[in-house]
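Below is one structure, written out as structure tokens, with a few remarks after it.
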Ligand code: UDP
């Protein structure tokens, strides 16, 4: 025994396997980089397109002396009838490609499973959408940590709905009747229509989510990009309800993306490494820098969503009517008739009231600009964490996935969000029926950016949370301690394995 310990190399190797959508890749890669900062040997497995979204950060970390690399596996596009290069989910993914991408991922399972063994992983950290990796880890006798994207509140709420079925007491989707989410630390209410469709009524996705739930229980534990001071009650609740271990490690983005090059390149292949001076040339930055502190509203709906023209009209009118300067991230193909957004852009450019960003915005850099005073968000968890980091209150406009639960955290628990009042959950690749009217948007923006006591208090709370976020990742902070504890635990497990063999 003693000699095994003497020879024991306690550096641990962790393999990270991100899912193939931007908002799942981003936190997984940031978590991997946090581990590399703390002396862990890190390999991230990804297909070429997924890897292109983060390779520059990995290269920079590697040149900073960290033990981190990407292992690229070829995506079997031809075998599943996809054109070359289509291997990730984003706003452009056509509905008929979804099943094909899923099939391609399935074909890769054997190869990745073998890699876990060949690369001698001491632990795997894999996305929730790879439930099969729980079995792979069990076979190898190593721990699997599952990355659950979203808030602890959202995953606690999911558990509550699955366990107690409170929505079943409501007779039909088409009512405004609310039900409470049983067993949670706060009294939180929703309507049936705000629940994901697969929770309301079983469909193909329900089975996948059940499999994920099962693998969550069979994993060594779950990691979240969250922090204790943000939603500690829900972190405790989640662990108790699931009976599993869990660590909050965030805000991971703030932790590893400290310089401008990391911030600018994050999550997007086409943005090259650039220094601060070069950034000054960018129009968006010049425009923001010309605006007073906290005066600009940032409007973004994430990497996956899209709107019909009818909704774009309402947003555009609301932004003009709100009286606040704004920066709005729009997608080329949002503009169905091809002219509306361009005309709008010309108008707001002339009045100097607004700035449109087409396609991909360097969101981390924008949110930290002192001119930004608030954000309209679809409640994607990454955007929420980034806004909290930046100390910004939010107008909440949830759409799909677990976003309606995240809205509850912002509006009802933390009280740093103003609900625009969305009534209906929809699939990410569909428009849904609902069009949120201009007046509701103007009202919510008014509360977010206004001078009334409620607004001022809300923004103060948001700034306090930003301070708490910074403390969480400092030495002695909650997330910092969690990372060190988790690494220590993984080292002990490695030693146990070494002693057993
Ligand atoms: N993002 C960005 N620029 C964009 C759109 C998105 O940098 O134009 C980033 C954003 O900072 C966040 C992620 O992409 O980190 C989106 O994740 P989120 O969970 O907010 O939403 P989703 O894309 O899943 O809807």
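Annotation note: Cβ proximity below 6 Å between a residue of region 42-55 that is in the same structural domain as residue 72 (by TED's automatic domain parsing) and touching a residue at least 60 places away in the same chain (Cβ under 8 Å) and a residue that is surrounded by 22 or more Cβ atoms within 10 Å (Cβ to Cβ) and in a helix (DSSP H, G or I) (sequence gap 6+ or interchain) occurs for 53/25; 54/29. Once region 312-333 is narrowed to residues that are touching a residue at least 40 places away in the same chain (Cβ under 8 Å) and within 16 Å of the ligand (Cβ to nearest atom), the residue that is surrounded by the fewest Cβ atoms within 10 Å (Cβ to Cβ) is 333.
Can residue 461 be described as at pLDDT below 95, assigned to a helix (DSSP H, G or I) and out of contact with any helix residue (DSSP H, G or I) (no Cβ under 8 Å at 6 or more places or on another chain)? Before the answer, list the steps.
On the way: at pLDDT below 95: no; assigned to a helix (DSSP H, G or I): yes; out of contact with any helix residue (DSSP H, G or I) (no Cβ under 8 Å at 6 or more places or on another chain): yes.
Judged against the criteria, residue 461 is not a match.
From the list 216, 189, the one residue that fits, being within 22 Å of residue 102 (Cα to Cα), in contact with a strand residue (DSSP E or B) (Cβ under 8 Å, 6 or more places away or on another chain) and not assigned by TED's automatic domain parsing to the domain that holds residue 483, is 216. Can you find a residue in region 335-350 that is touching a residue at least 24 places away in the same chain (Cβ under 8 Å) and within 11 Å of the ligand (Cβ to nearest atom)? No, region 335-350 contains no residue that is touching a residue at least 24 places away in the same chain (Cβ under 8 Å) and within 11 Å of the ligand (Cβ to nearest atom).
Can we say residue 368 is within 16 Å of the ligand (Cβ to nearest atom), within 15 Å of the chain's Cα centre (by Cα), in contact (Cβ under 8 Å) with a residue 12 or more places away in the chain and more than 17 Å from residue 321 (Cβ to Cβ)?
Values: within 16 Å of the ligand (Cβ to nearest atom): yes; within 15 Å of the chain's Cα centre (by Cα): no; in contact (Cβ under 8 Å) with a residue 12 or more places away in the chain: yes; more than 17 Å from residue 321 (Cβ to Cβ): yes.
Against the criterion (within 16 Å of the ligand (Cβ to nearest atom), within 15 Å of the chain's Cα centre (by Cα), in contact (Cβ under 8 Å) with a residue 12 or more places away in the chain and more than 17 Å from residue 321 (Cβ to Cβ)), residue 368 does not qualify.
Let's see how each residue does on (1) under 25 Å from residue 433 (Cα atoms); (2) outside the structural domain of residue 230 (by TED's automatic domain parsing); (3) at pLDDT below 95; (4) assigned to a loop (DSSP other than H, G, I, E, B):
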{"residue": "360", "(1), (2), (3), (4)": "no, yes, yes, yes"}
{"residue": "374", "(1), (2), (3), (4)": "no, yes, no, no"}
{"residue": "383", "(1), (2), (3), (4)": "yes, yes, no, no"}
{"residue": "388", "(1), (2), (3), (4)": "no, yes, no, no"}
{"residue": "392", "(1), (2), (3), (4)": "no, yes, no, yes"}
{"residue": "405", "(1), (2), (3), (4)": "yes, yes, no, no"}
{"residue": "408", "(1), (2), (3), (4)": "yes, yes, no, no"}
{"residue": "411", "(1), (2), (3), (4)": "yes, yes, no, no"}
{"residue": "415", "(1), (2), (3), (4)": "no, yes, no, yes"}
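For region 285-306, a residue qualifies if it is under 18 Å from the mean Cα position of the chain (by Cα) and either in a loop (DSSP other than H, G, I, E, B) or near the ligand (Cβ under 10 Å from one of its atoms) (or both), and the qualifying residues are 300, 301, 302, 303, 304, 305, 306. Residue 88 meets all of the listed conditions (1) within 30 Å of residue 428 (Cα to Cα); (2) surrounded by fewer than 21 Cβ atoms within 10 Å (Cβ to Cβ) but one, namely (2). Of the conditions (1) within 19 Å of residue 91 (Cβ to Cβ); (2) modelled with pLDDT under 95, residue 273 clears all except one; give me its number. Residue 273 satisfies all of (1) within 19 Å of residue 91 (Cβ to Cβ); (2) modelled with pLDDT under 95 except (1). Scanning region 209-232 for residues that are farther than 15 Å from residue 160 by Cα, more than 20 Å from the chain's Cα centre (by Cα) and either free of Cβ contacts under 8 Å to residues at least 60 places away in the same chain or crowded, with 17+ Cβ neighbours inside 10 Å (or both) yields a total of 4. In region 40-52, the condition of being within 19 Å of the chain's Cα centre (by Cα), surrounded by 22 or more Cβ atoms within 10 Å (Cβ to Cβ) and part of a helix (DSSP H, G or I) is met by at least one residue.
Within region 418-436, identify whether any single residue is buried (at least 24 other Cβ atoms within 10 Å of the Cβ), more than 10 Å from the ligand (Cβ to nearest atom) and not in a loop (DSSP other than H, G, I, E, B), and answer yes or no. Scanning region 418-436 turns up at least one residue that is buried (at least 24 other Cβ atoms within 10 Å of the Cβ), more than 10 Å from the ligand (Cβ to nearest atom) and not in a loop (DSSP other than H, G, I, E, B).
The values are calculated or read from the model by the stated rules, or taken from the named source; none is laboratory data. Note that the structure is predicted; figures quoted are calculated from it, not measured. Positions of Cβ are generated from backbone atoms using ideal geometry, with glycine treated the same way; all protein chains shown enter the neighbour counts.
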